[in-house]
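Enquirer: Have a look at this one.
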Amino acid sequence: MYFIKYDAETESLLVHAMPFHKKYGFGKTKEELEQEGFFVESIPEPQQIEGKAPILRCNPTTKELWYEYEDIPPTPEELQQEQLGILGQQLFQTQTELLETKRENELLGQQLFNLQTILVEEGVM
């Protein structure tokens, strides 16, 4: 039997699997504990959803228990990997733009050379 104490202000639950244990229990009677919370026979098992953390919720009136799932924040390593990926993409884009600029400069250089050659051949230069 599990004791559930719901705090409406913080929307948090206290779940105790041994509320009447001599050493680890609350040292209260069932009636006293029922003034603070309620008892259930079992706690549902949460689903294992990648990237999500199960948060146990309850309806104190109906004694219904369920889970809501919240995103797990990325670890510092995951954030670093994401940033490295972004930087890699930016570096690739910059290199591509530099290559394109180099090609354009080579083309302009060739056109200038051709123009100079024509001008020399015509005796203008």
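Bear in mind that the values in this text are calculations on the coordinates, not laboratory data. From a predicted model like this one, the values you see are computed outputs, not experimental measurements. All Cβ positions, even for glycine, are placed from backbone atoms using ideal geometry, and neighbour counts span all protein chains on display.
Enquirer: Pop the C-beta distance of Val15 and Glu77 into the FRET formula with R0 = 35 Å and round what comes out to the nearest 0.05.
Expert: Numbers: r = 31 Å, r/R0 = 0.89.
Approximately 0.65, to the nearest 0.05.
Enquirer: Here is a further query. Taking a cut-off of 25 Å between Cα atoms, list the lysines near Lys102, but don't count ones fewer than 8 places away on the same chain.
Expert: Of all the lysines, none pass the test against Lys102 - Cα under 25 Å, at least 8 places apart if same chain.
Enquirer: Moving to a separate point now. What is the local net charge at Leu84, summed over the other residues whose Cβ is closer than 13 Å to its Cβ (Lys, Arg +1; Asp, Glu -1)?
Expert: Details: positive: none; negative: Glu77, Glu78, Glu82.
Its environment carries a net charge of -3.
Enquirer: Counting alpha carbon pairs within less than 8 Å and at least 6 residues apart, what relative contact order, in whole percent, applies to segment 1-104? Spell out each step's value before the answer.
Expert: Numbers: 103 pairs, mean separation 19.9, N = 104.
Rounded, it is 19 percent for segment 1-104.
Enquirer: Also, quick follow-up: What lysines could a cross-link reach from Lys63, if we take a straight Cα to Cα line under 20 Å and drop same-chain neighbours fewer than 8 places away?
Expert: Lys5, Lys30
Enquirer: Trypsin sites (Lys or Arg not before Pro), restricted to segment 1-93: which are DSSP loop and have at most 11 other Cβ atoms within 10 Å?
Expert: Numbers: sites: Lys5, Lys22, Lys23, Lys28, Lys30, Lys52, Arg57, Lys63; in loops: Lys22, Lys23, Lys28, Lys63.
Passing both the DSSP loop test and the Cβ count: Lys22, Lys23.
Enquirer: Please list the radius of gyration and Dmax for the chain, considering alpha-carbon atoms only, with Å as the unit.
Expert: Every Cα atom of the chain included, Rg and Dmax give 35.3, 114 Å.
Enquirer: Still on this structure: HN-Hα J couplings of segment 69-75 from phi, Karplus 6.51/-1.76/1.60, θ = phi - 60°, integer Hz, Gly and Pro as x?
Expert: 10, 10, 5, 7, x, x, 6
Enquirer: For every helix of n ≥ 4 consecutive DSSP H residues, a contribution of -39,500 (n - 2.57) applies; sum these over the chain, divide by its total residues, and give [θ] at 222 nm rounded to the nearest 500 deg cm²/dmol.
Expert: Numbers: 2 runs with 51 residues, N = 125.
My calculation for the chain gives -14500 deg cm²/dmol from helical runs alone.
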